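What follows is a short report on a single structure.
The values are calculated or read from the model by the stated rules, or taken from the named source; none is laboratory data. These numbers come from a predicted model, not from an experiment. Side chains included, ligands, DNA and RNA excluded: accessible areas come from the protein's heavy atoms. Shrake-Rupley method; radii C 1.70, N 1.55, O 1.52, S 1.80 Å.
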Amino acid sequence: SGIFKSHDYRKGHFECPPYNQQTIRSAYHVRNIEVFKLKQLKHPMDIFMSHDWPRSIYHYGNKKQLLRMKSFFRQEVESNTLGSPAASELLQHLKPTYWFSAHLHVKFAAFMQHETNSKEELPKATKFLALDKCLPHRDFLQIIEVEHDPNAGDSLEYDAEWIAVLKATNSLVNVTQSSWNMPEKNGLHAKWDYSVTEEAIKEVLEELNHNLTIPCNFTLTAACYDPSKPQKNMEPVHTINPQTTEFCAQFGLTDINDRIQQAKEEGSARGECEEEEEEEEMDSTGSAEEPSEYNTDNSGLSSINPDEIMLDEEGGDEDLSTCSVDPSPDHPPEFSTSFSDIRIMPDSMAVSSDDATDSNNEELDKSGLSKQGEEKGCTERPLKRISGDENGNGGSKKIKRRNQAIYAAEDEDK
C-alpha cells in the first residue's frame, strides 16, 4: 500500500514515469477506491498488511512503552492523529486475525477485540504487529505461526471473491487527478453496495475452470543492472506490464497503466499535469483542496521519525525546538479510562523489554531531525515548494536515503 494523505486520497491513479516533483510522492499515497474495494469483501480474512499503521491501534498495546521509545509520537498519539484513518476504517470493517504494518520503525504489538453487531455473531479479535528497522540490536524479526489447511496446495492462488469485486467495481476506475467520492448510501448514488454474491463468485470460478492457481508468467520489462556497464541519467519510461495486461484481459478489467498511456498519447494527461503543477506552485499549502472526508488528517502533522527513509522534498530538516512534544492542556498525558495503557496480548505478540533500549536522543542525533509531513511543520508554518535546491538553483531532484550513515556504520546502537 502507501501512506495516507488527504489531499490525494480522493484522486485517481494518474501517476506514471517519468515522474515530476509532485507525482514521485503522490504515487505512493493511498486512494479511496482501494479502501472502497476492500470494504466490499465479506469472507473472513487471516492476514492484512499495510505500510501505514491503522489510526488508534496504539490504544490497544503498551502505549507508555511506545512513547518511551519514540517520544516524538506523543503529540499525535494524544491528538489521535498518528497513522491512517483509512486503514483504521478497514481494520474495523474486515477484522482480520492478524494485521502487520511498517513505516514507523519501532516494534509494537497490540490486541484489538472487535465489537459484535449481534448476539449471534462470534466476537473477533485482531493481533497487530509492527517491527523495527533491520539493523543490529533491533527487533526486526518475529516468527508467527498461522494455521494452514494441510490439504491445500503450496502454490499462490487467486481469490475468487476479490476478482468478483474487481469486476463489479471496474466502472469506478479513475486515471485523472480529479477528486471524487466513492458511492455511498446518501441519496446521491443509485448503487452504493458493490459487494458480490455467491453467484458472481461462482461465475469467476467457471471462468477459471475452477483452477485458481496463479500462472508463473513473469516477463522481464527492464534490463537488469550491470555494474560493468553503468548507465547514468537514464530517464525512466512508462512500461506496460504484460502480466497485468493478461490478467485484465482474462477478466475484462481496465488496465490502468494502459489507460494512462492512452491518455498520454492523446496529449490530455500531459496538459492536465502541467496545469496542475502551475496550480500547486501558486498555492503550495493546498488550500484549494476540498475538505477530506475524515475530520482529522496526518498530512499536516509531523510523525517526526528520525529513522524514516524519505524522498527528497517529502519534508525538510527542521529544528525540533520549534516542535512541542509535551502534552497540551487540551490533551492530558493520560487517556480516558476507556483505553488501557496495557492490553492483554498473546504471548507470541508480546513486546520484549529489550524494545525500550532504543535511545531517542541517539535517533534524533542520527537523523538530522527530518520530518515526514510535506505541507506543514509542527508550527503550522506553510512551506513553499520550490523547483530548485535550497539556494534557489534549478535542477532535478533525486531520491536520497537520509540515514545512509546508519547503514554504513558497523554498529550505531552500541
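In the set 269, 263, 249, only one residue is among the small types (Gly, Ala, Ser), assigned to a helix (DSSP H, G or I) and modelled with pLDDT of 90 or more; that residue is 249. Of the residues making up the range 206-215, at least one is at positive phi, modelled with pLDDT of 75 or more and open to solvent by 90 Å² or more (accessible area, probe 1.4 Å).
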